[in-house]
1. Of all trypsin sites (Lys or Arg not before Pro) in region 280-325, which ones are in loop regions per DSSP and have a Cβ with at most 14 other Cβ atoms within 10 Å?
2. Restricting attention to region 123-230, which trypsin sites (Lys or Arg not before Pro) occupy a DSSP loop and are surrounded by at most 16 other Cβ atoms within 10 Å?
3. Which whole-Hz ³J(HN,Hα) couplings does region 292-299 yield from phi under the Karplus relation 6.51 cos²θ - 1.76 cosθ + 1.60, θ = phi - 60°, glycine and proline marked x?
4. Arrange the following residues from fewest to most other Cβ atoms within 10 Å of their Cβ: Glu135, Glu199.
5. What does the extension gain come out to for Met146 and Thr230, with contour length at 0.36 nm per residue minus their alpha carbon separation?
6. Taking Cα pairs under 8 Å and at least six residues apart, what relative contact order does region 207-363 come out at, in percent?
7. Mind ranking 372-385, 90-103, 110-123 by how tightly packed they are, going by the mean number of other C-beta atoms within 10 angstrom, highest first?
Amino acid sequence: MWKRVPSIIAGATKSPLGIWAILICALGGTGFFFFRDPETPITFGIYLLLFIGLAIFAVAASRVKSIPAKQKLVGQDDPNGSPEAQRLFHNAEQYRLSGRIDQARTAYAEARTLYKQVQDRLGEANTLVGLGDLEGRLWRDDEARMAYAEARALYKQVLKEQPVEAETLLSLANLERRLRGNHMARTVYKKARALYKREQNRLGEANALVGLGEVEGSLGRVRPARRAFTKARALYNQEQNRSGEAEALYSLGIMESRLGGFAFMNWLLGGKRDARKAFAEARALYKQEQNRKGEADTFHTQGVLESKAGRKEQARAAFADAQTLYKQIPDRLAEANLLCHVGDLESRSGRNAQAWTAYTEAHVIFKRERHRLGEAAVLASLGGLEKSLGRDEQAKQYFHQAADLYGAIGLKKQKEQILGRAATSSSWSALKRWLQFPRQ
């Protein structure tokens, strides 16, 4: 009998009535101990205080409600979930980032099926977000919106069924941004930040502030965006999280580089100057953390900024530093994307031999990595370069190769556009080129 007492107590604590039963037994035993000697009135006061304290505890404990085990939140590991679904999801993410489109789409579909089987709505929602990112990268806007809309519905179901969690709100805010609902995203980011602040979770609050800053920048609200990035940076600094601080500075640099769109607006608000400063500080932090990928991406982005600003030598220097780091990592796909930007810069500068070399090297990498979308894009760039030089036959070969790849991926619109470029005359192509880019 006595051996079963621990299991009986454990079972009783799972319900309010069980808790009351345990406390009645405890109070009965305590009363017997205190009132064995009826001539000690002080013990009655002590007993009364104990009774009140235990009664308050019982009321508080009986009001605690547990969350059902199957309703897991974003960011939590579920030991009873589907490890196979998680494995497929991570594989799909890797396929997407490496440009293996068919494998990514298949893995996302299989992961979603398994998440549905175990009723893991958040896992299913995250999978749909990844699928939407894949479709958006392929310019399949309708398919991307459908995936995002389904994911949003699942996130909202979770929020209705259980107490609002900051992590879930942050995921929903990120999703609203993908759907270009910047005003809604701003509202949700603010709610997530408030919850993180209430929980005294400074890293979570900083993450929400970075998202809020990016949204404010997209809406043209420059000063609120700067305030958000500055607060995020301060919170990361308090937590000694240099990587997070670098990410905040990197996002700030991108916002500043896109500021306005007019030279006067950039001059008035200091956009270009502040972007270069933010990128430099981000690079320094990435270097301290030995994060060569972050450092390389910052050089790459700054190179694009300098190129658009017409600062060719500074752009070439930034691109060269980025390429050195990408080779060291190594990150071949990032290097190929960088070479495409180098080709664009040299093509606009009239350095056609250098542009052709950069595009050709990028094509070799994309082909080796089986990244058909990148391969198609760089073939189209090579076709445009050849056409600008009046070499129509070579241009048509590149354009048709690019069109075939776009068709194989399922991008009919892009295929038609490339075939249309192949049909235009070189003189018209040269005229469009002269009109599109500033003469050097």
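What follows is calculated from the coordinates using simple rules that are stated; it is not laboratory data. Every value quoted in this text rests on a predicted model; they were computed, and no experiment measured them. All Cβ positions, even for glycine, are placed from backbone atoms using ideal geometry, and neighbour counts span all protein chains on display.
1. Those that pass, being in a loop and sparsely packed, number zero.
2. Values: sites: Arg137, Arg140, Arg145, Arg152, Lys156, Lys160, Arg177, Arg178, Arg180, Arg186, Lys190, Lys191, Arg193, Lys197, Arg198, Arg202, Arg221, Arg226, Arg227; in loops: Arg140, Arg180, Arg221.
Listed in order of number, the matching sites are Arg180, Arg221.
3. 5, 5, x, 5, 5, 4, 5, 4
4. Details: Glu135 21, Glu199 12.
In order of increasing Cβ crowding within 10 Å: Glu199, Glu135.
5. Fully extending the segment from Met146 to Thr230 adds 26.7 nm.
6. On the way: 189 pairs, mean separation 21.2, N = 157.
Taking the mean separation of contacting Cα pairs over the length of region 207-363, I get 13 percent.
7. On the way: 372-385: 23.4, 90-103: 17.4, 110-123: 19.7.
In descending order of packing, they fall as 372-385, 110-123, 90-103.
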